[in-house]
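Below is one structure, written out as structure tokens; the observations come after it.
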Amino acid sequence: MNDTRFRKSSSCPDLTTVPPLGLDAEALESDFRHYYTNTLGRDRNCRLTHYAYEALALVIRDRLMERWTHTRYAYEDSDCKRTHYLSLEFLMGRTLGNAVLNLDLGDELTKTLSNICLEMEELVDIEPDAGLGNGGLGRLAACFLDSCATLQLPVQGYGIRYEYGMFRQHIVNGYQVEEPDHWLETDNCWEIKRPEYRQRVKFSGSSESYIDATGKKRMRWVNTRDVLATPYDLPIPGYRNGTVNTLRLWKATATDEFDLEEFNSGDYTGSVAAKNEAEKITMVLYPNDSSENGKELRLRQQYFLASASLQDVLDKWIVTKGTDLSQFAEKNCFQLNDTHPSCAVAELMRLLMDEQGLDWEEAWEITCTTMAYTNHTLLPEALEKWPVALFQQLLPRLLEIIYEINARFLKQVAERWPGDMERQRRMSLIEEGPEPQVRMAYLAIVGSFSVNGVAELHSKLLREGLFRDFYEFWPEKFNNKTNGVTQRRWLAYANPKLSHLISDKIGSAWATDLGQLSRLKPFSEDHAFQQQWQQVKHYNKQRLAELVREDCGVDFNPQALFDVQVKRIHEYKRQLLNILHVIHLYDRIKRGDDQSWTPRCVLFGGKAAPGYVMAKLIIKLINNVATLVNNDASIGHKLKVAFLPNYRVSAMEMICAGTDLSEQISTAGKEASGTGNMKFMLNGALTIGTLDGANIEIREETGAENFFLFGLTAEETEKRRQHYNPDAVIADNEDLTRVMQLLQCGHFNQFEGGIFEPIIQAIRSPYDPWLVAADFADYVVAQRQAAGIYQDQSQWTRMSILNTAAAGKFSTDRTMQEYNKHIWTLPQIPAHPVS
Ligand SMILES: *Cc1c(COP(=O)(O)O)cnc(C)c1O
């Protein structure tokens, strides 16, 4: 890829000028036949749907490609400021259906496919999910990209092209079993490899000083073990606006010299091993959500992403503008998605000083006017710290820079609070102790001009708790940006029936202006509209019931209340509280306390981190309860329970459309925002939830009367933990006493003695941080209220309509506009027209 002689003369015609492609059914069909036959080489004997999917994907990709180039040229020609969104995770899901929606090719494609006896649904289902993320944080990044393309903002995503994404989950005998997700096994036609933009990333070695040609003392990082970063670009189409933005994912490969060096010393297998060593960096996504990874390979991944992306941006600057970096900060912003890419602060300093020859002050000014940091969690176990010793060995030059940042920062702290050594110790980027650690969140705060939380309560708790010292020092840095979801994927694509019903009533402008949904409000009382709304929900529940039947073998009756909790399995999210309520319902039916009963189908789904023993045991408990309940003829249709294996984006598209009741029941003060809550609300589910994360804002928008609230507040949980006595709470509540008795007597583990002991102990522990027993009674009351209202279908439907009508705030379009107004200040740049 060193061939730079290619068509150097500026008089050569532009090879990328091509006639626009047709968007009608005829053009689509002719291209389809071309790809199927000439490119993929299929003949009339081929019976695999897979190739029809591939041919269709190529047809759509072409239409993206021409808009992609035109978008890139528009950004280049306007020389606009840009934002680079750095994230270790992008949970994209599938591309085909979303691209068809955003390009507005749905109607024409339906004609094409019916001509050639194919069905869109069947083809779309062939595509594997791009599962390059764990959960909310990664899916948020994906929704952000969709909104930026729709708003025509020059924002590019930077991430890692993991060979293995999030593991596939199977349930065997009630237990989670993980299977590697080799999603690139069949080639991924949505990515474009761009070896011409390869970068070199350094590791290990040491730092030394030298005198440069001008007599200035400078530092350099030598004797390094380098790894190459090759970018693969994914198209991010905006909604029907000609814009296609880019997600650039890096793959690690060995350098040629590296191989050669080992090879020349006669160590052939050693050279191959070195290659493996390099490629390991982008091999696998760490499957821990909301908890630290702490592994050397993870730090390698983080630095690899930060370094390759920053070099990519700097190279582009130098190629187009030369080495004067004085305007760099005016034209660039780096948004750090949590602390995962926060090495970028020190790496940008290194590149500007060591590679570009800037002095400290110039480099620091650029760094802390381009970096912005988003915090995603209050859980202490998720706060990243890296041992100084590991940094020293892997990134010695970066550690030097971090020490210098820290020294200069602590001097400022000392000036502001003279003699307050305790404060200096608290705020230091280095945590002292037997094994000193680098505090990545503090590095991110010190090196950024903006620090934001992801919901009002979360941002407040950051200011008052976790980052209190930093807030006192720099109050102006701190701000809130409440999360959202893209209504294109999560309503228009996931729920076409409801979309059409809404558009029939209020027009289709909601697709790019979600606030329009408030115009549904007057129709919430309209009986005919309620009936249509119910019919759509019923249809979506039938589809969900089919999925549950196929994947769990459990019969859900669409007439019943569909009560759903899908999200990562974590103690703070309290799937345990939900299953205790299910046991309580079972107990009530068995006792005959089931007059005017509301039949209920309870659906769980979500992955546990493979090393998270308690979360995996909770999955087992859910499955054991499900087996017992579903096979008890005396329970019948009154209660069904299922655990849907392998929860993922494409499953959620089906699930959120078919849900009546959305479970958002985390211990208050623990869920930063949540976004699952927003997808459900948008699709007309009612929420049962605590005053946590964005639930608070959801309740504010929809009105307290349309939300099933329960539980302690964040403030109350703090106090409650001081003197918490779950045994007394249990003894005091007959329902909970019976539920605990059923658990303790082994009713749900008859031939599996004692397996749920750790769960029983956790609930009964005075140190249970999640306060499961404390919220049980209030939860049961709220559940009973929901069940009661469900019996009045007209009232439930009215509340459902009002929830969708109030979802306008929770679009990532609004979130992105806020980031842009207060942090990025980018212009909107329309793409050059294709024709
Ligand atoms: C939206 C989403 C999440 C986040 O859900 P929360 O309930 O906010 O934790 C996680 N995983 C997938 C696949 C999602 O679509």
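Tabulated values for the structure
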{"read-out": "Subset of the stretch 90-140 that is in contact with a Pro (Cβ under 7 Å, 6 or more places away or on another chain) and within 20 Å of ARG63 (Cα to Cα) - its residue that is farthest from the ligand (Cβ to nearest atom)", "value": "LEU103"}
{"read-out": "Matching residues in the stretch 354-373 - criterion: being under 16 Å from ILE823 (Cβ atoms) and in a helix (DSSP H, G or I)", "value": "THR367, CYS368, THR369, THR370"}
{"read-out": "Top-ranked residue in the stretch 546-570 [being under 27 Å from the mean Cα position of the chain (by Cα) and hydrophobic (A, V, I, L, M, F, W, C); ranked as farthest from ASN134 (Cα to Cα)]", "value": "PHE562"}
{"read-out": "Total residues in the stretch 653-673, condition near the ligand (Cβ under 9 Å from one of its atoms) and surrounded by fewer than 24 Cβ atoms within 10 Å (Cβ to Cβ)", "value": "1"}
{"read-out": "Pairs, first touching a residue at least 40 places away in the same chain (Cβ under 8 Å) and over 20 Å from THR339 (Cβ atoms) in the stretch 138-156, second part of a helix (DSSP H, G or I) and among the acidic types (Asp, Glu), C-beta under 6 Å, six or more apart", "value": "SER147/ASP813"}
{"read-out": "Condition check for ALA786: within 30 Å of VAL536 (Cα to Cα), at pLDDT 95 or above and surrounded by fewer than 23 Cβ atoms within 10 Å (Cβ to Cβ)", "value": "yes"}
{"read-out": "Residue satisfying condition, being surrounded by 20 or more Cβ atoms within 10 Å (Cβ to Cβ) and within 17 Å of GLU404 (Cα to Cα), within set ARG350, ARG300", "value": "ARG350"}
{"read-out": "Residues of the stretch 257-305 classified as closer than 15 Å to VAL227 by Cβ, modelled with pLDDT under 75 and small (Gly, Ala, Ser), total", "value": "1"}
{"read-out": "Out of LYS607, LYS679, LYS638, sole residue that is within 13 Å of the ligand (Cβ to nearest atom) and over 27 Å from VAL177 (Cα atoms)", "value": "LYS679"}
{"read-out": "Some residue of the stretch 692-704 being farther than 20 Å from LEU91 by Cβ, in contact (Cβ under 8 Å) with a residue 40 or more places away in the chain, crowded, with 24+ Cβ neighbours inside 10 Å and within 12 Å of the ligand (Cβ to nearest atom)", "value": "yes"}
{"read-out": "The one condition in (1) within 18 Å of PHE409 (Cβ to Cβ); (2) touching a strand residue (DSSP E or B) at 6+ places or on another chain (Cβ under 7 Å); (3) not in a helix (DSSP H, G or I) that VAL345 fails to fulfil", "value": "(3)"}
{"read-out": "Hey, GLY242 among the small types (Gly, Ala, Ser), at pLDDT 95 or above and at positive phi or not", "value": "yes"}
{"read-out": "Qualifying residue in the stretch 361-374 (condition: under 17 Å from the mean Cα position of the chain (by Cα) and under 14 Å from SER448 (Cβ atoms))", "value": "yes"}
{"read-out": "Complete set of residues in the stretch 194-243 that are in a loop (DSSP other than H, G, I, E, B), among the polar types (S, T, N, Q) and surrounded by fewer than 20 Cβ atoms within 10 Å (Cβ to Cβ)", "value": "SER204, THR214, ASN223, THR224, ASN241"}
{"read-out": "LEU617, sole failed condition from (1) over 26 Å from GLU179 (Cβ atoms); (2) more than 16 Å from the ligand (Cβ to nearest atom); (3) surrounded by 17 or more Cβ atoms within 10 Å (Cβ to Cβ)", "value": "(1)"}
{"read-out": "Within the stretch 434-517, helices (runs of 4 or more DSSP H) holding 2 or more residues that are of a type in the set (S, T, N, Q) and surrounded by fewer than 24 Cβ atoms within 10 Å (Cβ to Cβ)", "value": "496-506"}
{"read-out": "Residues being more than 13 Å from ILE445 (Cα to Cα), over 22 Å from the mean Cα position of the chain (by Cα) and surrounded by 18 or more Cβ atoms within 10 Å (Cβ to Cβ) - total across the stretch 318-345", "value": "3"}
{"read-out": "Residue within the stretch 589-599 that is touching a strand residue (DSSP E or B) at 6+ places or on another chain (Cβ under 8 Å), within 16 Å of the ligand (Cβ to nearest atom) and of a type in the set (S, T, N, Q) present", "value": "no"}
{"read-out": "Number of the condition not met by GLN535 [criteria: (1) within 16 Å of the ligand (Cβ to nearest atom); (2) free of Cβ contacts under 8 Å to residues at least 24 places away in the same chain]", "value": "(1)"}
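Yes/no matrix, rows are residues, columns are (1) out of contact with any Asp or Glu (no Cβ under 6 Å at 6 or more places or on another chain); (2) under 21 Å from GLN664 (Cα atoms):
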residue	(1), (2)
GLY553	yes, no
LEU561	no, yes
ILE569	yes, yes
LYS573	yes, yes
LEU580	yes, yes
GLN595	yes, no
GLY611	yes, no
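One line per residue, one yes/no per condition, for (1) surrounded by 10 or more Cβ atoms within 10 Å (Cβ to Cβ); (2) touching a Cys at 6+ places or on another chain (Cβ under 9 Å); (3) at pLDDT below 95:
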| position | (1), (2), (3) |
| --- | --- |
| ARG5 | no, no, yes |
| GLU26 | yes, no, no |
| SER30 | yes, no, no |
| THR37 | yes, no, no |
| LEU40 | yes, yes, no |
| ARG44 | no, no, yes |
| HIS50 | yes, no, no |
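The values are calculated or read from the model by the stated rules, or taken from the named source; none is laboratory data. Predicted model only: the values in this text are computed from it and were never measured. Cβ atoms come from the backbone with ideal geometry, glycine included; neighbour counts cover every protein chain shown.
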